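The values are calculated or read from the model by the stated rules, or taken from the named source; none is laboratory data. Remember, it's a predicted structure, so these values are computed and weren't measured experimentally. Here the Cβ positions follow ideal geometry from the backbone for every residue, glycine too, while neighbour counts run over all protein chains shown. Surface accessibility is based on the protein's heavy atoms, side chains included, excluding ligands, DNA and RNA. Shrake-Rupley method; radii C 1.70, N 1.55, O 1.52, S 1.80 Å.
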Amino acid sequence: MTTAQRGATERRPTDGGPTNAGPKTPRKARRPLTATRPLTAARRENRAGLAFVSPTFLVVLVVVVLPILWTVLLAFQDAKLVDIQGMGLFGNWTLDNFQQVFGSAGFWSSLSTTVIYTVGATVGSLLLGLVAALALRTPFRGRGLLRGAMLLPYVAPVVAVAFVWEVALSPQYGIVNEWGRSLFGWDDPIAFLSTREYEIGLFGLHFDIPLSLLTVIAFEIWRYFPFAFLFLLARLQAVPDVLEEAAKVDGATPLQRFRHILMPQLMPVMALLCVLRFIMTFNKFDDVYLLTGGGSGTDVAAVRVYDFLTARYDVGAASAQALVLAGVLVVLLGLYFKFFGKKMQEEQS
């Protein structure tokens with residue numbers, strides 16, 4: 001093959017189309033994608049969502065997150081109330097605050113009192129709310145008025161209701177002691193809010209009870225059972241009537257209907273209420289302080305934090321006490337979710 005023939009072969013098109021002997025023009029380069037293209041609908045929705053959430057995020061950051069961080073910093077500093085204005089973010093770092101908290105005389109007794117107070121008030125408010133919800137479930141004349149009256153302890157100002165309880169339980173002019181003398185034959189009036197231990201006799205046995213602590217627990221149960229009542233009543237109203245009607249046809253007793261029909265429906269709500277009331281009661285301060293001031297065996301942990309701050313003017317020790325209480329609460333909630341939460345999930349499945 002000659003040189004001319006080889007060149008013609010190389011210029012021959014492979015697709016059988018006409019040949020183009022002219023010079024090839026370069027293709028126009030594809031324009032690269034830039035960020036100037038219009039936003040998609042998803043991006044616009046995301047930006048709108050961030051715009052709506054931003055005010056709430058800022059409020060939570062300023063009101064909740066920053067005070068918590070400031071408390072954590074103060075817990076590791078030698079901070080007194082008179083020095084708090086001139087302190088910066090990083091002061092004199094020390095662990096003496098935690099040594100003072102754990103080494104104080106009433107720390108462990110206060111912690112046990114807090115746990116007893118929290119468990120008793122939580123369980124009592126749930127049970128009383130459940131009884132009230134079951135009693136006011138079926139329609140009758142005046143049910144709406146009675147439902148509204150059930151909310152009075154919860155919506156009334158705590159200062160007002162605490163004052164009413166103090167007057168009613170007063171050993172000098174309280175109506176409870178007057179009823180006790182006339183109905184139960186009490187010889188001496190009982191100081192419910194200032195008696196640490198009270199001896200009672202039952203079936204020939206004599207033992208002491210923490211009277212002031214039980215009184216505060218009773219006040220907590222009475223004040224916050226409407227919270228559980230609202231949740232449980234709403235869940236009971238949502239239970240289909242056909243389930244109970246079918247159980248009645250099968251001959252189930254009221255107790256059997258409650259155990260096998262209503263309780264499985266109420267358990268998720270009761271588990272949620274248990275967690276919420278436990279957290280709220282564990283951190284409760286105002287009820288105990290208004291009734292007893294933390295005396296007579298009612299020295300709960302929140303009152304001790306207040307005493308560290310106001311009586312000793314020790315901001316660092318008060319912050320350390322609050323941090324320790326937060327850790328204890330996290331541990332208790334972790335144990336609850338580990339044992340009872342898993343059991344609840346198994347029952348629901």
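What to note about this one:
- Stretching the chain fully between residue 159 and residue 46 yields a gain of 36.1 nm (0.36 nm per residue, less the alpha carbon separation).
- Solvent-accessible surface ranking, highest first, for 292, 56, 253 at 1.4 angstrom: 56, 253, 292
- Peptides 317-330, 42-55, ordered by how many other C-beta atoms sit within 10 Å of their residues on average, highest first, read 317-330, 42-55.
- Looking at region 126-201, the GluC sites (Glu not before Pro) that sit in a DSSP loop and have at most 16 other Cβ atoms within 10 Å of their own Cβ are 197.
- Solvent-accessible surface (1.4 angstrom probe) belonging to residue 159, in square angstrom, nearest 10: 100 Å²
- Rounded to the nearest 10 square angstrom, residue 280 shows an accessible area of 80 square angstrom against a 1.4 Å probe.
- Heavy-atom accessible area, probed at 1.4 angstrom with all protein chains present, ranks 173, 224, 289 as 173, 289, 224, highest first.
- Residue 135-residue 170 pseudo-label distance in nm [points 7 Å out on the Cα-to-Cβ vector]: 2.9 nm
- Working from label points 7 Å from Cα in the Cα-to-Cβ sense, the residue 81 to residue 272 distance is 4.1 nm.
- Length added when fully stretched, residue 102-residue 66, from 0.36 nm per residue minus Cα-Cα: 10.4 nm
- Residue 337/residue 238 FRET efficiency (R0 22 Å; Cβ-Cβ; nearest 0.05): 0.30
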